[in-house]
Amino acid sequence: KRNSCRTILSTILIMFFISIDYSAYHCKAEDENDKTAQQQQQQQQHHQASSSTPTPTTILETEARTARELSRAVSTLRKDLKSCNSRIDSIKSGFQDLYSMHLTQIDGLRKCKEGMISSSDIQQILDSNTNKLNNNKETTKALMEQVQASITEQQRTRQNEEVAAKHKELILSLEHQVHQLRLRETAWERTISELVARKDLLERRENAWTRTIGELMADIEMRNKREWWWEEMKSEMEGRIGGLSYHAVLEHYGPGPHRVSMIVDLDDTQHEVIIELAPVNLMPHSVHTFLSQLSEGYWTRGTPAIVMNPGHVLQACPHPCLETKAMGGSYPGDPYVDMRHAGLDTVSFQEYHPAYPHEKYTIGFAGRPHSGPEFYINLMNNTLDHGPKEAVLEKALGDEDDEEMDDTAMEPDPCFGKIISGFEVIDKISEGLTRGDLPDESKETMDDDEDEALSD
């Protein structure tokens, strides 16, 4: 009997501790689920607060989304409430069974002490309690499995929600990136539009420059043609003037050689200087002009002046100087004006022949672009100074034609004669009396007469 009583008490205690463990485990699982749900909700709230949607939502969309979330939350709470109610009912039934077993066992112990029941009855009571205990174990095991399944389902649900939150966060990030890419695409489209506009503008400018360059090239070509025409006309006119001058010299003065005698009054003594003009076939126009000036008497009126200019030539001018009325002379006119009226003051073009250069003791007309009527005597070889300038320019610039120079500066002076007698007279004049040695009154009077002649 004692053994049977001890067995009954141990069974009651085991059932009691099982019920207590089950209640504690169930409460602990519910606390963990509540904590997990609270943490997940806080994470979602934090994520919603920190994340900014790239596209704005309306109030209706926000309210609809909130309503859907509340509906899902209410459904979840209802399921949890139903599960908790079923668990509570199971726990209640288990406690009731334990309580009834406890009462039965107490009653059996009382009857056993009083000797009211036999050993077979006690054994029957123990067997029934054992069956109930086994049933309670099975019930407990089923409840434990149900709780474990519920916990597993909650974990799975929580994992699914975490995955959904991560997916949602990823979707929001992707939407933000798409929004940024669209903004960049818009900026690139605007930049491309600006570049296309600039390209069109540059193409229009290029076309305008091409047209302008074409017009300029056509203008340059036309000017080159005109220049070529002018050069052809100039060459033709020079050839005609040279031919007419050649025939005029042959007609009036013969074929030559033509010599001119110049009497020089030096140191109260007269000296003769003979000039032989160039062959008429080489310098026809210059020879004809000089012979015409001599035949008209423009170099025999008064006393022409000979000056040093500026040390490498002796220059002669047909001015009467001391024979004017202002100086007490009787010469009435001005040879410059008279030659201009007769068309003999200058040559028509800068005639030159390389076979007759500006060597020492040669004669050349002074002045550019139209030389004359003054002439000079070269005291040295002045071919580089008074001859053609192309060779000098190429030598100075190293065959470069970038430097711009006046065409008149490039033209040579006509060289139309040379001294064949009286060299010592020329040397003495260059060393002695020049225009700079004249009295001041004569120089002033001569300058005034020249100014009047130029004004006329």
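Here are a few things to note about the model shown:
- Options G343, G398, G302; residue that is at pLDDT below 70 and more than 60 Å from the chain's Cα centre (by Cα): G302
- H370 closer than 20 Å to A248 by Cβ, at pLDDT below 85 and open to solvent by 10 Å² or more (accessible area, probe 1.4 Å): yes
- Residue within the stretch 406-423 that is part of a helix (DSSP H, G or I), more than 30 Å from E227 (Cα to Cα) and modelled with pLDDT of 85 or more present: yes
- Residue check, E153 in contact with a His (Cβ under 7 Å, 6 or more places away or on another chain) and open to solvent by 80 Å² or more (accessible area, probe 1.4 Å): no
- Test: T269 is closer than 17 Å to Y352 by Cα and either of a type outside the set (K, R) or at pLDDT 90 or above (or both): no
The values are calculated or read from the model by the stated rules, or taken from the named source; none is laboratory data. A quick note: this is a predicted structure, and the numbers were derived from the prediction, not measured. Heads up, the Cβs are rebuilt from the backbone with ideal geometry, glycines too, and the neighbour counts pull from every protein chain shown. Only protein heavy atoms, including side chains, enter the accessible area calculation; ligands, DNA and RNA are left aside. Shrake-Rupley method; radii C 1.70, N 1.55, O 1.52, S 1.80 Å.
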